[in-house]
4 protein chains.
Amino acid sequence: MLEHAKGLYVVAQTPFAADGAIDLASVDTLCDFYLQHGASGLTVLGVAGEAGKLSQEESIAVAGRYIQRAQGKPVIVGVSNPGIAQVRDLTARVMDLGAAGVMITPPNGLRTEEELFGYFAAVFQQIGDVPTVLQDFPFSSGTWMSVPSILTLVERHPQIRLLKEEDLPSITKITRLREGQGRRIAILTGNNGMFLPLEMGRGVDGPMSGFSHPEMLSGVYDLYIQSKVEQANDLFDRYLPLLSYENQSQWGVAVRKEILRQRGAISCAAMRTPGPRLTPTDHAEIEFLLNRLRRSLSELR
Amino acid sequence: MLEHAKGLYVVAQTPFAADGAIDLASVDTLCDFYLQHGASGLTVLGVAGEAGKLSQEESIAVAGRYIQRAQGKPVIVGVSNPGIAQVRDLTARVMDLGAAGVMITPPNGLRTEEELFGYFAAVFQQIGDVPTVLQDFPFSSGTWMSVPSILTLVERHPQIRLLKEEDLPSITKITRLREGQGRRIAILTGNNGMFLPLEMGRGVDGPMSGFSHPEMLSGVYDLYIQSKVEQANDLFDRYLPLLSYENQSQWGVAVRKEILRQRGAISCAAMRTPGPRLTPTDHAEIEFLLNRLRRSLSELR
Amino acid sequence: MLEHAKGLYVVAQTPFAADGAIDLASVDTLCDFYLQHGASGLTVLGVAGEAGKLSQEESIAVAGRYIQRAQGKPVIVGVSNPGIAQVRDLTARVMDLGAAGVMITPPNGLRTEEELFGYFAAVFQQIGDVPTVLQDFPFSSGTWMSVPSILTLVERHPQIRLLKEEDLPSITKITRLREGQGRRIAILTGNNGMFLPLEMGRGVDGPMSGFSHPEMLSGVYDLYIQSKVEQANDLFDRYLPLLSYENQSQWGVAVRKEILRQRGAISCAAMRTPGPRLTPTDHAEIEFLLNRLRRSLSELR
Amino acid sequence: MLEHAKGLYVVAQTPFAADGAIDLASVDTLCDFYLQHGASGLTVLGVAGEAGKLSQEESIAVAGRYIQRAQGKPVIVGVSNPGIAQVRDLTARVMDLGAAGVMITPPNGLRTEEELFGYFAAVFQQIGDVPTVLQDFPFSSGTWMSVPSILTLVERHPQIRLLKEEDLPSITKITRLREGQGRRIAILTGNNGMFLPLEMGRGVDGPMSGFSHPEMLSGVYDLYIQSKVEQANDLFDRYLPLLSYENQSQWGVAVRKEILRQRGAISCAAMRTPGPRLTPTDHAEIEFLLNRLRRSLSELR
């Protein structure tokens, strides 16, 4: 089913209380918020979801809560871990809970394509026949996969149903991936959606990214598939200053959570330690950008 | 003088002919183009200027030609090189030719702050009293410098007159640099200008970056220092889709050169091998974005 | 107590069956083997112990079995993990089981000393007052710590009782650490013991490393502290060809496990996938080197 | 001719005076020393030769002097540089001076095998038909090349006549390279010779490395090709403690230069800044190890 994924898959935040505890009640409100703003599916426990700061039991609790709340929409769970045994265990647990699949990025430290292929052979030998999203995010993983390497992985492992593409430039890589492909898989794009309308023109099936205003991501997708290309870009461009502002790695996630809090989607904007904290200057900048966005959207209508 | 730098310092391209030879005639037309579009100074032989692909004699020829043509405006020359003897030689040559100063980024492979400090001690011991731009561009150099480390370097080495800041997030780092500073130096920002109006609000003295439309960079600067903050952002936002499109590392440089060619600033858009080549799809996308920009600017007026 | 550690702390292997399952019976025989060959303590779940390939429950099972079998000798447990919550959970579990302390190396991706200090502040805030071995192994962790940085960490965190030093050159770093130290901690050295007698002369308290012949490591230590420096070196030099042979990262571990199997310490030499497999050529080389070692030792006596 | 290289190719030091100037007179004495101690050829301007600290003119001066003095023996010149134009210029200059070939390692920052192949295609397109040593030294270059990748490069580029192998474990990689090869090239091994006798057994044609006692490297080679395998190892093992001591990256080079000075091969042991300086403790250790070596050799005879 994941190979037919289309539309917005929101990369979901993990809500914490001010003391750093998981805030499961906010998982519910945030999940509702995502679905109300056009999500076709969710991806939980990604890098932007602070997955690396959770214990294994916390990971399972968060994933389970999202799955429970998602009204039957597919929930993909990030299970990347340097240790294959941990990938296997977490995969088994979340598939039992009803996940639609898992997302895996190669670990830091794979040095050649031989090692890359060896890693995924070992992973799939361990996890078995589980629908898998291959994440191509080299700036985070430290492992670069060329187009031929990705196509080789797709060919060798039928478990790979979807590619999350977030290398840069994504657009030229997407074109090469689509031109070179054998078996067709879904491609959704990350990079916080920074190139979404152009990526749609290059043949992707939608965004898989987070944003404080997911209605823009789903809106651009909807306009684009109705062939309203200029309107899709018009909508996108209004949000681009804020989107770019949130596209500043972990600090950008802090901004996103603060805006989600202001919009009532979560109770508390805190990131777990070690993570950035916003200053009064940052807050003033956020307000400035939100005011400009409001004005700009009112002109659009 | 560099410590009083203000306004737009354009990161200049190096023009090549189709066969890969340096095109010095296009250096002249491009230099004129930059100055006509609001440049207060130039920075030549940076990463975006394909400095790494030039021989030493070519580097000197390009730098000399820019200096000659710049109508007395300051020209800063990138001299970064893993070898300190090469830094010293190139520095001596370009200072003789009339450069306003040199720009240096730490080489890949410095592993601790001790090694960072040792490297710059050795560099300044070799090059002597030359006005220097310290470039903080970790995504290219592979060496991260914390705010305390940068301030220590500035304190130890009076040759450092200007910081080119292009870590991310730049905005929070600029605030910390300004709050922590002893001796005041100029700070200009890179990252292709992606956060220019906000960076101005954080206390920088202008952009040091390249763009196919440098009039935007100088325009935003001019509006900002007249306290026309909203108008500065309005202007910036119109160009942001194209700016973001060019902000895709070496591929973005290929786009920039193509647009500079279309605007008559250079004769040929070629990048030297190994470098990206634009496809028909890429060209169509560029035209699409330029058309949208034209429409958007006409609405602004 | 760890700050008074002395002698050989063996970096213990994790024994697997041919099918990749943990072989707990071999943990017992291997633990006995280490103690019979001069171990003062054990370090389990290190890089050479294939810790990264174990699930959390497997890690706890292996650590617990070693602790149970160690006849009251201190057992240090490696708990390094990119996620602090996982460090905290595993630490709590193994301390409950009777571990003497935990060993932590900074994760890959710390880019400045500010981030290094921030990481350990967060770790110690989470794990509380647990005796800790700081592991300085940059070739594995990707994070280089300068001598001043290590001394700062020791000063800030009284939990750090012991340093496992395995940067290169270790000898000059040890001298600088001992000269600069405030509070005295124990220093044991890794790098598979490749520089043990010289490191003893520089002021360390013994080796913390693995070897198929731990009697050499303990023997060199014993001779050295009796001021039999030449004899310590004589003993060391006889084993050096084999030691160097085992000092070839994960492939060297495969060799070590094979020799431990031949010596009856474990039932099966297998490493868990993905890991190297020895070829007939490798086996012949091992036999050649063991024969030479036997002859060389018989001459020594 | 390089494809038939056999025996010891010494990786030559670059001698400096105390003030950091090139000491060309010591190039002569050092070159004589190498030839008297069994060198079949020389490799100059490698990493251990401090190539990265020389200006281009200094590089040419050093290479030229070695070529002039080498009594017709082949001199290979390291020309690795991140910039291909600089590789081309230096190659042309040293080939004019009579070099037997050039040595090239891929630059830091090649991220996929596509980029690796693209880099060498561009290099060979620029330098033309020049006999080339491909250096596989990932710990220095940061670029890992798998066995299939190396074989592909050899197949595509007839200019590659010799491989300098210094990945680890070298022995298993050599076996795979020899088993998989099409066109036969010479393989000489680096890693300071740490695994020389075993590498000979795996099919290499000799060492390409530096050592304060090159007579060991040539001696082991000579014994080995006479099938005196045990004697080759006996000789090797005597020197192994010192060899291992010098095998500590740039600090080991400082040791090597000091011993070469003591042996009368160069006038001054200085390394160029930034480089390590030996302390009195280091000097005492060197003396200790040299005394032990002398005794050990006297027993051998």
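The values are calculated or read from the model by the stated rules, or taken from the named source; none is laboratory data. Just so you know, these numbers come straight off a predicted model, no measurement behind them. Methodologically, a virtual Cβ is constructed for each residue, glycine included, from the backbone with ideal geometry; neighbour enumeration extends over all protein chains shown.
Right, A:ARG161: among the charged types (D, E, K, R) and either surrounded by fewer than 21 Cβ atoms within 10 Å (Cβ to Cβ) or part of a helix (DSSP H, G or I) (or both) or not? No: the conditions fail for A:ARG161. Among residues belonging to the range A:76-90 that are over 18 Å from C:VAL87 (Cα atoms) and without any contact (Cβ under 8 Å) to a residue 60 or more places away in the chain, point out the one that is nearest to the other protein chains (Cβ to nearest Cβ). The qualifying residue nearest to the other protein chains (Cβ to nearest Cβ) is A:ARG88.
Residue under question is B:LEU278, and the condition is that it be under 16 Å from the mean Cα position of the chain (by Cα) and either surrounded by fewer than 20 Cβ atoms within 10 Å (Cβ to Cβ) or within 14 Å of chain A (Cβ to nearest Cβ) (or both); does it hold? Judged against the criteria, B:LEU278 is not a match. Criterion first (of a type in the set (Ser, Thr, Tyr), within 14 Å of another protein chain (Cβ to nearest Cβ) and either in contact with a Cys (Cβ under 8 Å, 6 or more places away or on another chain) or under 20 Å from B:ILE187 (Cα atoms) (or both)) does B:SER55 satisfy it? In short, no.
Residues in the range B:164-207 that are part of a loop (DSSP other than H, G, I, E, B) and hydrophobic (A, V, I, L, M, F, W, C) were compared, and the one that is farthest from B:ALA232 (Cα to Cα) is B:ILE185. Among the residues of the range B:163-201, those that are touching an Asp or Glu at 6+ places or on another chain (Cβ under 8 Å), more than 18 Å from A:ILE286 (Cβ to Cβ) and among the polar types (S, T, N, Q) comprise B:THR189, B:ASN191, B:ASN192. Per this entry, D:VAL220 is not counted among residues that are buried (at least 24 other Cβ atoms within 10 Å of the Cβ), more than 9 Å from every other protein chain (Cβ to nearest Cβ) and assigned to a loop (DSSP other than H, G, I, E, B). For the range A:40-73, the candidate set comprises residues that are charged (D, E, K, R) and part of a helix (DSSP H, G or I); within that set, the residue that is surrounded by the fewest Cβ atoms within 10 Å (Cβ to Cβ) is A:GLU57. For the range A:259-269, the set of residues classified as in contact (Cβ under 8 Å) with a residue 40 or more places away in the chain and farther than 14 Å from A:LEU24 by Cα consists of A:ILE259, A:LEU260, A:ARG263, A:GLY264, listed by residue number.
Scan the range B:48-101 for residues that are more than 27 Å from D:GLN126 (Cα to Cα) and among the β-branched types (Val, Ile, Thr) and jot them down. If the condition is that a residue be more than 27 Å from D:GLN126 (Cα to Cα) and among the β-branched types (Val, Ile, Thr), then B:ILE67, B:VAL75, B:ILE76 are the ones that fit. The lone criterion from (1) surrounded by fewer than 18 Cβ atoms within 10 Å (Cβ to Cβ); (2) of a type in the set (A, V, I, L, M, F, W, C); (3) within 14 Å of A:ARG272 (Cβ to Cβ) left unmet by C:LEU97 is number (3).
The set of residues in the range C:114-147 being closer than 24 Å to A:GLY20 by Cβ, facing another protein chain (nearest Cβ under 8 Å) and either hydroxyl-bearing (Ser, Thr, Tyr) or touching a strand residue (DSSP E or B) at 6+ places or on another chain (Cβ under 9 Å) (or both) consists of C:TYR119 alone.
If a residue has to be more than 14 Å from C:THR14 (Cβ to Cβ) and not in a helix (DSSP H, G or I) to count, how many in the range C:264-287 make the cut? The total comes to 6.
Looking only at residues in the range A:151-180 that are of a type in the set (Ser, Thr, Tyr) and within 10 Å of chain B (Cβ to nearest Cβ), which one is nearest to B:ALA254 (Cα to Cα)? So the residue we want is A:THR172. For A:PRO241, state whether it is out of contact with any Gly (no Cβ under 9 Å at 6 or more places or on another chain), touching a residue at least 40 places away in the same chain (Cβ under 8 Å) and not polar (S, T, N, Q). So A:PRO241 passes the test. The single condition from (1) assigned to a helix (DSSP H, G or I); (2) touching a residue at least 24 places away in the same chain (Cβ under 8 Å); (3) out of contact with any strand residue (DSSP E or B) (no Cβ under 6 Å at 6 or more places or on another chain); (4) charged (D, E, K, R) that B:LYS6 fails is (1). Every condition in (1) within 21 Å of the chain's Cα centre (by Cα); (2) surrounded by 22 or more Cβ atoms within 10 Å (Cβ to Cβ) holds for D:SER146 except the one numbered (2).
For B:SER218, the test of being within 16 Å of the chain's Cα centre (by Cα), at pLDDT below 95 and not charged (D, E, K, R) is failed. Once the range C:1-32 is narrowed to residues that are under 14 Å from the mean Cα position of the chain (by Cα) and of a type in the set (S, T, N, Q), the residue that is farthest from C:ARG272 (Cα to Cα) is C:GLN13. If you take the residues of the range B:227-263 that are charged (D, E, K, R) and not in a helix (DSSP H, G or I), which of them is farthest from the other protein chains (Cβ to nearest Cβ)? Selected residue: B:ARG263.
In the set (1) within 14 Å of chain B (Cβ to nearest Cβ); (2) surrounded by fewer than 22 Cβ atoms within 10 Å (Cβ to Cβ); (3) not hydroxyl-bearing (Ser, Thr, Tyr), A:HIS213 fails one condition alone, (1). Residues of the range A:242-262 that are touching a Lys or Arg at 6+ places or on another chain (Cβ under 8 Å) and either among the small types (Gly, Ala, Ser) or surrounded by fewer than 21 Cβ atoms within 10 Å (Cβ to Cβ) (or both): A:ALA254 alone. Just one residue in the set B:LYS53, B:LYS73 is of a type in the set (Lys, Arg) and in contact (Cβ under 8 Å) with a residue 40 or more places away in the chain; that residue is B:LYS53.
For the range C:104-115, filtered to residues that are surrounded by fewer than 23 Cβ atoms within 10 Å (Cβ to Cβ) and within 22 Å of the chain's Cα centre (by Cα), the residue that is nearest to C:ILE150 (Cα to Cα) is C:PRO107. Exactly one residue among B:LEU54, B:LEU45, B:LEU35 is within 18 Å of the chain's Cα centre (by Cα) and at positive phi, and that residue is B:LEU45.
The single condition among (1) hydrophobic (A, V, I, L, M, F, W, C); (2) within 30 Å of B:VAL47 (Cα to Cα); (3) at pLDDT 95 or above; (4) in a helix (DSSP H, G or I) that D:ALA85 does not satisfy is (3).
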